[in-house]
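Novice: Let me begin by handing over the structure; questions about it come next.
The values are calculated or read from the model by the stated rules, or taken from the named source; none is laboratory data. Please read these numbers as outputs of a predicted model, since none were measured by experiment. Here the Cβ is made from the backbone with ideal geometry for all residues, glycine too, and neighbour counts use every protein chain on show. The protein model used for the area step is the full one, side chains on, heavy atoms only, and it has no ligands, DNA or RNA in it. Shrake-Rupley method; radii C 1.70, N 1.55, O 1.52, S 1.80 Å.
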Amino acid sequence: SLGRRRRHGASLMLGWRPKAGLDLYAEAHYAELRTTQDTLQFNAGPNFAAGSSFDPASVVLFPGTHDVQRITWTNVPVSILNFARDTVDRTREVAAGGSWTRGDLRLSADLSNTRSFNRLFFSGPTLAGTAARFTHDLAGEVPATSVEGTDLADPVNLRYASLLYRVRPLNGSLLAGRVDADWQLDQGPLERVAIGWRHSRRQADNGQNLV
């Protein structure tokens with residue numbers, strides 16, 4: 001998989017105190033992440049139901065064990081995938097609020113709105129074929145493989161197995177608000193009385209759109 005990621009964002013926050021006991025604020029935030037990715041993938045593995053087998057003379061075991069170190073499979077199904085997977089994630093938020101204090105009473109409130117957007121683009125073909133001989137060798141520091149007897153670069157030896165195409169836009173939103181009141185009492189059995197209200201509304205979509 002080869003790709004590139006880009007992320008950027010910005011924030012703006014403002015505060016204002018027009019007089020003692022009154023504080024106001026407003027803020028805005030923006031963030032975006034973009035990913036562009038291309039993937040190449042090769043899969044090979046024996047399928048005995050489809051006629052795969054192995055060359056007994058090719059089998060090499062790790063010394064002193066029954067674990068296979070090297071083997072050559074015959075008539076091995078292979079698949080080659082090549083697809084693009086690009087995404088965009090974007091979030092925007094604005095909020096405003098404030099607080100007011102007078103004597104033993106304090107009131108505060110804020111309201112925020114957040115919107116998010118995500119888009120996935122996925123597209124690519126899957127090719128299929130059969131390798132006459134496929135060797136898997138674990139002797140080195142890095143496992144090695146090789147294909148013999150079949151030229152997988154020749155289109156004659158391959159067929160289209162599938163062609164995937166997906167475009168999935170997702171949208172989400174959140175509206176949230178709160179109001180709080182707080183009284184500090186100097187006398188009586190109660191020292192403090194607090195009342196609060198919260199409300200939020202969320203929406204999101206996620207459609208099925210694989211072709």
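Novice: If a residue must be among the small types (Gly, Ala, Ser) and open to solvent by 40 Å² or more (accessible area, probe 1.4 Å), how many such residues does region 75-94 contain?
Specialist: 0
Novice: Are any of the residues in region 26-48 open to solvent by less than 50 Å² (accessible area, probe 1.4 Å), farther than 29 Å from residue 172 by Cα and either under 24 Å from the mean Cα position of the chain (by Cα) or of a type in the set (Ser, Thr, Tyr) (or both)?
Specialist: No, because not a single residue in region 26-48 is open to solvent by less than 50 Å² (accessible area, probe 1.4 Å), farther than 29 Å from residue 172 by Cα and either under 24 Å from the mean Cα position of the chain (by Cα) or of a type in the set (Ser, Thr, Tyr) (or both).
Novice: Hey, could you check region 95-105 for residues that are touching a strand residue (DSSP E or B) at 6+ places or on another chain (Cβ under 6 Å) and more than 21 Å from residue 176 (Cα to Cα) and say which is most open to solvent (accessible area, probe 1.4 Å)?
Specialist: Ranking the candidates gives 104 first.
Novice: Let me ask something else about it. Any chance you could count how many residues in region 49-60 are farther than 17 Å from residue 136 by Cα and open to solvent by 50 Å² or more (accessible area, probe 1.4 Å)?
Specialist: Final tally of qualifying residues: 2.
Novice: Would you be able to tell me the number of residues in region 187-200 that are in a strand (DSSP E or B) and either open to solvent by 50 Å² or more (accessible area, probe 1.4 Å) or modelled with pLDDT under 90 (or both)?
Specialist: Going through region 187-200 one residue at a time, the tally reaches 8.
Novice: Also, I was wondering about something else. When you look at residue 120, is it hydrophobic (A, V, I, L, M, F, W, C) and assigned to a strand (DSSP E or B), yes or no?
Specialist: Yes, satisfied.
Novice: So how many residues does region 106-117 have that are open to solvent by less than 60 Å² (accessible area, probe 1.4 Å) and touching a residue at least 60 places away in the same chain (Cβ under 8 Å)?
Specialist: Result for region 106-117: 6.
Novice: Looking at 145, 150, 135, 72 in this structure, which one is open to solvent by 40 Å² or more (accessible area, probe 1.4 Å), of a type in the set (Val, Ile, Thr) and farther than 30 Å from residue 205 by Cα?
Specialist: Of 145, 150, 135, 72, the one residue that is open to solvent by 40 Å² or more (accessible area, probe 1.4 Å), of a type in the set (Val, Ile, Thr) and farther than 30 Å from residue 205 by Cα is 145.
Novice: Which members of region 10-24 meet the condition of being surrounded by 11 or more Cβ atoms within 10 Å (Cβ to Cβ) and either under 27 Å from residue 83 (Cβ atoms) or in contact with a Phe, Trp or Tyr (Cβ under 7 Å, 6 or more places away or on another chain) (or both)?
Specialist: Scanning region 10-24 gives 21, 22, 24.
Novice: Output the qualifying pairs, or none if there are none: Cβ atoms under 6 angstrom, residues six or more apart or on different chains, first residue in region 172-192 and over 23 Å from residue 109 (Cβ atoms), second residue at pLDDT 95 or above.
Specialist: 172/116
Novice: Among the residues of region 172-186, how many are within 19 Å of residue 200 (Cβ to Cβ), among the small types (Gly, Ala, Ser) and either at pLDDT 95 or above or open to solvent by 60 Å² or more (accessible area, probe 1.4 Å) (or both)?
Specialist: 3
Novice: Test residue 167 against the stated conditions and say whether it is touching a Phe, Trp or Tyr at 6+ places or on another chain (Cβ under 7 Å), open to solvent by less than 60 Å² (accessible area, probe 1.4 Å) and either assigned to a strand (DSSP E or B) or at pLDDT 90 or above (or both).
Specialist: Against the criterion (touching a Phe, Trp or Tyr at 6+ places or on another chain (Cβ under 7 Å), open to solvent by less than 60 Å² (accessible area, probe 1.4 Å) and either assigned to a strand (DSSP E or B) or at pLDDT 90 or above (or both)), residue 167 qualifies.
Novice: With respect to residue 63, determine if the residue is outside any strand (DSSP E or B) and open to solvent by 40 Å² or more (accessible area, probe 1.4 Å).
Specialist: The answer is yes for residue 63.
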